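Peer 1: Next up is a structure, given as structure tokens.
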Amino acid sequence: MSIRVTDLAHVYHQGTPLERRALDGVNLLVEPGSWVSVVGHTGSGKSTLAQHLNGLLFATRGEVEVDGVPLREDAPEILRQARKKVGLVFQYPEQQLFAETVSEEIAFAPRNWGISKERLPEVVHAAATRVGLEKALLGVNPFNLSGGQKRRVALASVLASEPDYLVLDEPTAGLDGKGKKELLSLLSQLVREGKGVVLVTHDLDTALAHSHRILVLEDGKVFALGAPQEVLDALAGASVRGIVLPPVVELSQGLKQRGWKVPITPDATTLYALIAKEGKRCDS
Amino acid sequence: MRFLNHITLGQYVPTDSPLHFLDPRCKILGTLLVMTVLFLTRAPVSFLVWGLLLLALTLLSRLSPGMVLRGARPVLILIVFTAFIHLFFTKGTPLWSWGVLSITKEGVTAALRMSSRLFFLVLFAGLLTLTTSPMELADGLERLFSPLVPLGFPAHEMAMMMTISLRFIPTLLDETDRIFKAQLARGADLDRGGLIRRLRAFVPVLIPLFVIVFQRAEELAVAMEARCYRGAGRTRMHPLRWSRGDTAALFMFTVVLGGVLGMDRWLLS
């Protein structure tokens, strides 16, 4: 049970003057109950990869399997199954809203998957509660909501399909600090409940703080893939296009170079404790 | 889903041919002349001459003849339909008849004439858009219509609207693609069931698209006002220049077209 990406390559507009190789030789495994982040610069192929995971784009070379079933363009039934299992939240998902009420909007996906009429209200309520939408908002026109609330509705509309995996393309873009924090803690909660989460982001700090595994893309190729610490060590020694190391990482790196016994870490609390300890030793 | 992956918009193909270098006004006027004379010619032989003229211009434009011919594809049905109507509904000497349907000698001529006219009309117009960028085209039209401005004709606004719409076609195609995919990911079924069901299935794509169009328009309006856009009377980055070459080209073209018309009248007499 997993999403397995093997040697994936994707070429846009193949055979035309606009031909562009967006992905090349990408391998990835997303298991239930794990959080994988995909980071990279604009145009590194992050979004292209995300769209392969539920059969919206298809491999030019290589393969994408969802729970052991390879996704193919000519197998519509398999694709429907895969799209139900893998929920995809696009960048600025609030732009996909169309229904007259919030509850209709959230009900769109489960209805498409053929859920029974009796279960529908329950599923809609569950999804709305998950993302922190009050019951009173269910009857409101989504176009009258604030930007942050619209984002929640869009997220609920994907969660309502009860997917096993959730792929999110820059879900925190344009959210304020509080909104971002709430969204990330919701994702952590979903991972604890056994869902597989793929977070596409350009924010290395977020990726380092939450993921089990991180995939770093540079120009469609894998630069690094592994646990946060491994990826961090790989990034600290190199320069990757579009990736800026978080300030705490830079600080720990600088201290380490000056002979301090600190690891390269993105975590300010850990670093602060170590600095305090090292500092005391210097005093005595 | 390779939705909209193969649509190439704006048929303009940049090369450095003499036809590309002509002033857009020269080309627009030339095309208008062609259209007028095309509908004045009647003799069958004239249409062979039109073919030769088109071939000559195609060679001059350094575009592949196939590319130019492809321009007729969207109107092929219209051309065939026109031919049929003329073939069966022209009165004259019957060649063949079956019940109410009859084909007359005049009908055959009329069918050939009208369909050839349409065919050449589309191809000559196509040659204009293949060799002139949309921006040049809009500029050219604005200048050509500028004498009407004192009469209240909004030449600048018209050209600006044309430019903006052309500019936003690729952007909106991208947006459509994105929304389409977002709804597919939510299980939307856009190609199953009967006609009504399919049309209904497009509502979740069309509504967000309309919202985006209005938002974009609003943003663009604000951006234009922020940069003090004030409509007509703006100067240009690349002002159009009418050179002696343009005069010569238009003159020669007029002479050639006059020749075609003269020959046509002589053939008919």
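Peer 1: Over the alpha carbons of the stretch B:156-232, what is the largest minus smallest coordinate on each principal axis, giving the biggest first in Å?
Peer 2: So the three principal-axis extents are 51, 21, 16 Å.
Peer 1: Based on the Kirkwood radius over alpha-carbon pairs, what value in µm²/s does the Stokes-Einstein equation return for the translational diffusion coefficient of the stretch B:9-132 at 25 °C and 0.890 mPa s?
Peer 2: 155
Peer 1: So, one more: Given A:56, A:161, A:217, which one lies farthest toward the positive end of the charge dipole of chain A, if we put +1 on the Cβ of every Lys and Arg and -1 on the Cβ of every Asp and Glu?
Peer 2: Farthest towards the positive pole: A:217.
Peer 1: Translational diffusion coefficient, Stokes-Einstein: compute it for the stretch B:83-175 using the Kirkwood radius over C-alpha pairs as Rh, at 25 °C and 0.890 mPa s, and state it as an integer in µm² s⁻¹.
Peer 2: 144
Peer 1: Give the span of the stretch A:1-159's Cα atoms along each principal axis, as three whole-Å numbers ordered largest to smallest.
Peer 2: Between the extreme Cα coordinates on each principal axis of the stretch A:1-159 lie 50, 31, 29 Å.
Peer 1: Under the rule of -39500 (n - 2.57) per DSSP H run of 4 or more residues, summed and divided by the residues of chain A, what mean residue ellipticity at 222 nm is obtained, to the nearest 500 deg cm²/dmol?
Peer 2: That calculation yields -12000 deg cm²/dmol at 222 nm.
Peer 1: I'd like to compare A:80-88, A:216-224: which one has the highest average count of other Cβ atoms within 10 Å, and what's the full order after that?
Peer 2: Ranking the peptides A:80-88, A:216-224 by packing returns A:80-88, A:216-224.
Peer 1: Looking only at A:179, A:45, A:114, which one moves most when chain A is put into a Gaussian network model with springs between Cα atoms under 10 Å?
Peer 2: Taking springs between Cα atoms under 10 Å, the residue moving most is A:114.
Peer 1: Next question. Can you tell me the dipole magnitude for the protein assembly as shown around its Cα centre, using point charges on the Cβ only (Lys, Arg +1; Asp, Glu -1), in Debye to the nearest 20?
Peer 2: 1080
Peer 1: Using a 10 Å cut-off around each Cβ of peptide A:89-96, what is the average number of partner chain Cβ atoms that fall inside?
Peer 2: 5
Peer 1: A follow-up question, please. May I ask you to derive the relative contact order of the stretch B:155-269, considering only C-alpha pairs under 8 Å and at least 6 residues apart, and to give it as an integer percent?
Peer 2: Across the stretch B:155-269, relative contact order equals 26 percent.
Peer 1: Check the straight Cα-Cα distances from residue A:178 and name the lysines below 16 Å, setting aside those fewer than 8 residues away within the same chain.
Peer 2: A:150
Peer 1: Hey, got the average number of other protein chain Cβ atoms within 10 angstrom for residues in B:186-192?
Peer 2: 6
Peer 1: Now for a separate question. What does the helix-only formula give at 222 nm for chain B: each DSSP H stretch with n ≥ 4 adding -39500 (n - 2.57), the total divided by the residues, and the result rounded to the nearest 500 deg cm²/dmol?
Peer 2: It lands at -23000 deg cm²/dmol.
Peer 1: Given a Förster distance of 60 Å, report the FRET efficiency between residue B:252 and residue B:220 from their Cβ-Cβ distance, rounded to the nearest 0.05.
Peer 2: 0.90
Peer 1: May I pose another question? Note the per residue figure in Å³ for the convex hull of the C-alpha positions in the stretch A:177-236.
Peer 2: So the per-residue hull volume is 89 Å³.
Peer 1: Let me see the P(r) profile for the stretch A:228-284: every Cα-Cα distance counted, bins of 10 Å, each bin given as a percent of all pairs.
Peer 2: Reading the bins upward from 0: 23, 53, 19, 5, 0.
Peer 1: Tell me, in nm to one decimal, what length is gained between residue B:189 and residue B:70 on full extension, where the rule is 0.36 nm per residue of separation less the Cα-Cα distance?
Peer 2: Full-extension gain reported as 39.5 nm.
Peer 1: To the nearest whole number, what is the average tally of beta carbon atoms from other chains within 10 Å of the beta carbons of peptide B:174-182?
Peer 2: 4
Peer 1: Just the Kirkwood number for chain B, please: inverse of mean 1/r across all distinct Cα pairs, in Å, one decimal.
Peer 2: Every distinct Cα pair counted, the radius reaches 22.5 Å.
Peer 1: Okay, next question. Suppose we keep just the alpha-carbon trace of the protein assembly as shown; what are its Rg and Dmax in angstrom?
Peer 2: Cα only, the protein assembly as shown: 31.6, 120 Å (Rg, Dmax).
Peer 1: A further question on this structure: Averaging sequence separations of C-alpha pairs under 8 Å and six or more residues apart, then dividing by the length of chain B, give the relative contact order as a whole percent.
Peer 2: Worked out over chain B, it gives 28 percent.
Every number here is computed from the coordinates shown, using simple stated rules; none is lab data. Remember, predicted model here, so these are calculated numbers, not experimental data. Neighbour counts run over all protein chains shown; Cβ positions are idealised from the backbone, glycine included.
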